[in-house]
Amino acid sequence: MESPAPPRRANRRRLAVLGTAIATALTGLAAGVLPTHIAQADAASTDDSPFTHQSVTWGPCKWYDSTTGGPVPECATVSVPRDWRAPGSGPELSVAISRVKAADAAHRKGVLFTNPGGPGGSGIRLSWLIGSSQPKVAAEYDIIGMDPRGVGESTQLICDVPVDQLDSAVHDSRDLSAQAVTARQRTAKAVADGCAANPLTRYVNTWQTTHDMDMIRAVLGERKLNYLGYSYGSWLGAKYAALFPRRTGRIVLDSNTAWMDDLADSWERMPMAFQRRWERQFAPWATRSAFFSKYLGRTPAQVNAVYEQVRETFIKATDNLSAGQVLDGFVRTSLYTDAGFITIGASLGVLKSCLVDNHDWSRDALLSCGQRFSDELSGSGVAGTEFQAEARVGTDALLHPEKLGDAAPEGLSAVFDAVRNATGDTVQVSGVYYAVRCGDGGQWHSPNWWVNFARRNGPAYPLTGYETSQEVCSYWTLSAQRLPNPDEHRLAPIVTVQSEFDPATAYENTSRNVRQFHDARLVAIDDAGAHGQYGIRGNGCVDDIVNAYLLDGVTPPARSVCKGLPLPLENTVHAVPGPVDSSTRPHASRAEHVPARLRHAAEKIIK
């Protein structure tokens with residue numbers, strides 16, 4: 001689940017000097033409108049729709065070649081109505097899908113739909129990722145990936161936003177002055193108005209997407225839709241189950257939104273969850289590292305103090321007020337994975353060494369400092385680990401702020417970037433992130449509510465708390481929908497997987513889901529924090545429980561606890577107090593090797 005990245009504008013001359021120096025330093029690491037009342041459950045099946053009579057022509061996927069490896073996927077495009085409430089009105093839309101066919105046709109169980117999150121995440125490659133990482137599942141299921149309507153290779157939703165309605169003034173995200181707040185709110189309103197002007201926007205939402213999914217199920221000739229969804233994909237899967245309970249098969253929801261509450265609740269918990277991941281896992285990890293602790297501190301309090309030093313100095317060195325939020329966004333993105341700890345440590349380490357501790361910021365001085373850091377890093381053994389790419393890619397993103405939007409492309413940062421480079425009267429913004437979040441309804445508060453929320457949460461949760469001072473959904477003028485919750489009396493158990501310190505989808509979301517949907521089967525991962533767990537993190541305990549459910553129908557108990565795996569460069573798991581209590585004895589975890597190419601693919605796909 002993505003969180004909007006901050007607006008930014010780079011002082012390119014100074015960043016170029018810093019980029020050269022730090023890149024040198026790290027060469028050792030490189031080699032339809034619905035009523036506002038709740039929609040009725042048990043929606044009419046799409047089986048009788050004329051759209052289900054279309055044929056699917058499978059062919060090669062343009063993003064796959066022989067060097068990609070793993071099972072060979074097939075790709076196709078299907079047609080869906082713009083509005084499932086009035087299928088004959090308006091132009092048809094295209095939805096891109098992929099398939100990894102079951103390798104063992106004799107034991108084939110059906111289809112497994114997948115979604116990577118977002119909202120707005122491209123899922124067409126997810127079928128290949130799960131097929132590659134979980135060959136037993138790929139043997140017995142046709143795994144289906146999809147770019148939902150509005151996304152990627154499907155009919156895209158683009159919002160044209162007038163440049164003269166945008167404010168490109170540069171402010172630190174921690175600046176809650178009237179001037180800074182007004183600038184952000186002006187931009188948020190312009191995006192909401194620009195999206196409202198596109199006739200497609202009102203038809204890009206979870207309700208419509210669930211109907212697309214059910215139609216694809218029918219087109220493929222399947223009686224049931226089995227499902228695996230991550231992050232926002234947990235919301236999508238839960239709402240499909242609520243709307244089409246008789247068509248719902250086995251459901252696995254990983255890294256959960258608050259799918260029994262308002263969607264907005266999940267975003268309100270983000271500041272706490274990101275800060276908790278930083279303070280309870282990253283900061284202690286950095287102090288235990290013989291290499292990184294020399295730069296970042298010997299205690300968590302020192303790590304926090306060094307971060308503030310680096311942030312302040314980075315702003316001065318780039319002569320750019322938005323550089324601090326560039327750093328904040330970089331750290332947040334890196335906290336999604338354990339490998340990201342290497343990225344944060346290496347980048348903050350070199351900035352501490354070459355900016356905070358080195359007061360000569362001339363090009364020659366920075367290059368010399370960078371070389372010293374590189375030499376020490378190479379001698380530490382960190383450069384010889386399997387995490388070289390994470391450090392290199394993360395540092396590149398830090399040194400080139402214009403690339404940071406790739407990590408959270410639906411955030412307002414994309415708008416500010418577009419304004420900076422605008423050559424016409426409008427800028428184009430991908431609208432799916434906003435259309436789904438705002439269009440799914442829920443309690444999206446007034447603009448001033450979010451400013452006060454930032455004033456309360458910023459000091460306590462500085463990594464993300466200040467970023468909540470603006471919210472596009474506060475200015476949304478299109479009719480919102482409310483979706484039903486899944487009914488435990490009409491569904492089989494839902495397996496829900498959740499790591500304890502997930503920064504993007506807080507564990508508390510899952511706690512509330514389990515309390516309200518009594519037939520949820522919780523698989524909690526103690527002392528773990530990566531976003532997205534099943535099939536991509538190498539935790540054998542998690543994978544075994546989910547695979548037994550998908551393959552053999554073995555429903556796990558109401559609550560299972562798996563131990564997390566050691567963090568990078570460590571051999572043991574360090575227990576951390578958190579919301580996973582000790583009432584259930586954890587299962588021992590078995591670490592399974594995840595090839596680097598799959599880990600890197602997962603980091604790009606799961607949002």
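The values are calculated or read from the model by the stated rules, or taken from the named source; none is laboratory data. These numbers come from a predicted model, not from an experiment. Neighbour counts are summed over all protein chains in view; Cβ atoms, including those assigned to glycine, are modelled from backbone coordinates with ideal geometry. Each accessible area value is taken on the protein alone, full model and side chains, heavy atoms only, with ligands, DNA and RNA left out. Shrake-Rupley method; radii C 1.70, N 1.55, O 1.52, S 1.80 Å.
Structure notes:
- Residue check for Trp278: open to solvent by less than 10 Å² (accessible area, probe 1.4 Å) and under 28 Å from Arg184 (Cα atoms): yes
- Residue match in segment 101-113 (condition: outside any loop (DSSP other than H, G, I, E, B) and modelled with pLDDT under 95): no
- In the set Asp193, Asp175, Asp164, only one residue is part of a loop (DSSP other than H, G, I, E, B), more than 30 Å from Tyr534 (Cα to Cα) and not small (Gly, Ala, Ser); that residue is Asp175.
- The residue that is farthest from Gln516 (Cα to Cα), among those in segment 557-587 that are open to solvent by less than 10 Å² (accessible area, probe 1.4 Å) and hydrophobic (A, V, I, L, M, F, W, C), is Cys562.
- For segment 196-240, the tally of residues that are of a type in the set (A, V, I, L, M) and either on the phi > 0 side of the Ramachandran plot or out of contact with any Asp or Glu (no Cβ under 8 Å at 6 or more places or on another chain) (or both) stands at 9.
- Glu508 meets all of the listed conditions (1) open to solvent by 10 Å² or more (accessible area, probe 1.4 Å); (2) more than 19 Å from Ser231 (Cβ to Cβ) but one, namely (2).
- Any pair with Cβ under 8 angstrom, 6 or more apart, that starts in segment 251-262 at a residue that is more than 18 Å from Glu488 (Cβ to Cβ) and ends at one that is acidic (Asp, Glu) and surrounded by 24 or more Cβ atoms within 10 Å (Cβ to Cβ): Ser255/Asp502
- Within the set Ala286, Ala346, Ala339, Ala301, the sole residue that is farther than 26 Å from His171 by Cα, surrounded by fewer than 19 Cβ atoms within 10 Å (Cβ to Cβ) and of a type in the set (Gly, Ala, Ser) turns out to be Ala301.
- Any pair with Cβ under 9 angstrom, 6 or more apart, that starts in segment 204-229 at a residue that is more than 20 Å from Gln156 (Cβ to Cβ) and ends at one that is aliphatic (A, V, I, L, M) and surrounded by fewer than 21 Cβ atoms within 10 Å (Cβ to Cβ): Asp214/Ala43; Val219/Val56; Leu220/Val56
- Single residue of segment 327-336 satisfying the filter (under 25 Å from Ala601 (Cβ atoms), assigned to a helix (DSSP H, G or I) and not aromatic (Phe, Trp, Tyr)) that is most open to solvent (accessible area, probe 1.4 Å): Thr333
Okay, residues lined up against (1) modelled with pLDDT of 95 or more; (2) more than 25 Å from the chain's Cα centre (by Cα):
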| residue | (1), (2) |
| --- | --- |
| Ser499 | yes, no |
| Ala506 | yes, no |
| Ala524 | yes, no |
| Asp527 | yes, no |
| Asn539 | yes, no |
| Leu569 | no, no |
| Thr572 | yes, yes |
| Pro577 | no, no |
| Ile605 | no, no |
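- Hits in segment 539-566 - residues which are more than 24 Å from Lys109 (Cα to Cα) and assigned to a loop (DSSP other than H, G, I, E, B): Ala558, Gly564, Leu565, Pro566
- Count - residues of segment 129-150 that are open to solvent by 20 Å² or more (accessible area, probe 1.4 Å) and within 14 Å of Asp544 (Cα to Cα): 3
- Only residues that are of a type outside the set (A, V, I, L, M, F, W, C), under 27 Å from Ile130 (Cα atoms) and crowded, with 24+ Cβ neighbours inside 10 Å were counted across segment 249-275, and they come to 5.
- Annotation note: Cβ proximity below 6 Å between a residue of segment 452-476 that is aromatic (Phe, Trp, Tyr) and a residue that is open to solvent by less than 20 Å² (accessible area, probe 1.4 Å) and outside any helix (DSSP H, G or I) (sequence gap 6+ or interchain) occurs for Tyr466/Ser173.
- Residue pairs whose Cβ atoms lie under 7 Å apart, sitting 6 or more positions apart in sequence or on different chains, and linking a residue in segment 305-326 that is more than 19 Å from Gly349 (Cβ to Cβ) and open to solvent by 20 Å² or more (accessible area, probe 1.4 Å) to a partner that is charged (D, E, K, R) and modelled with pLDDT under 95, are Asp319/Arg14; Leu321/Asp172.
- Here Val554 does not fit the description of being open to solvent by less than 20 Å² (accessible area, probe 1.4 Å) and not charged (D, E, K, R).
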